[in-house]
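Student: One structure, as structure tokens, below. Some questions next.
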């Protein structure tokens, strides 16, 4: 029976396939897959997409073939199925490109100075929060050093501490703040 397959017309092949004769499906695939691939490739100019479409067309035929009531020739049915899938791929790609173009336009039109100002303000708020969590004496020394811009010697005189103690407190405060802010800075950059 399989020797006759190449001689059967498409209607007989399809009828035999619908009745469960898998060799008929293999013959349908052999006859039409290369032609359908060429058609899809001509429209898409992409080998992988064309191959995917042909696989989808024949997978659909395999899974739904017994239920199909084809009123045109099998070749016409397969051709239209392929064309429709090609048009779907083109539509998806066009839609994707359209959204991508809008995103690029939005990014190019966005005022980065606003984003930078927001990041700077967030960073300053985060630093202030972390400074408030320092031990009381360390916080006082650090604020006099950074906010009041006093020298270590001036702070030592005002708080009745040694300049070495002031230097160590400022250094410890900076080390603690750097450690706590590394994660935040990484996120905003």
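Student: Tell me the residue from 10, 26, 45 that is more than 25 Å from residue 93 (Cβ to Cβ) and at pLDDT below 90, please.
Tutor: Numbers: 26 fails: at pLDDT below 90; 45 fails: more than 25 Å from residue 93 (Cβ to Cβ).
Of the residues listed, the single one that is more than 25 Å from residue 93 (Cβ to Cβ) and at pLDDT below 90 is 10.
Student: Would you be able to say whether some residue in the stretch 81-97 is at pLDDT 70 or above and either touching a strand residue (DSSP E or B) at 6+ places or on another chain (Cβ under 9 Å) or more than 26 Å from residue 39 (Cα to Cα) (or both)? Let's see the steps before the verdict.
Tutor: Pass one, the stretch 81-97, residues at pLDDT 70 or above: 81-95, 97.
Then keep just the ones that are either touching a strand residue (DSSP E or B) at 6+ places or on another chain (Cβ under 9 Å) or more than 26 Å from residue 39 (Cα to Cα) (or both); that gives none.
No, because not a single residue in the stretch 81-97 is at pLDDT 70 or above and either touching a strand residue (DSSP E or B) at 6+ places or on another chain (Cβ under 9 Å) or more than 26 Å from residue 39 (Cα to Cα) (or both).
The values are calculated or read from the model by the stated rules, or taken from the named source; none is laboratory data. On a predicted model such as this, the values are computed, not experimentally measured, just so you know. Glycine also receives a Cβ, built like all others from the backbone with ideal geometry; neighbour counts cover every protein chain displayed.
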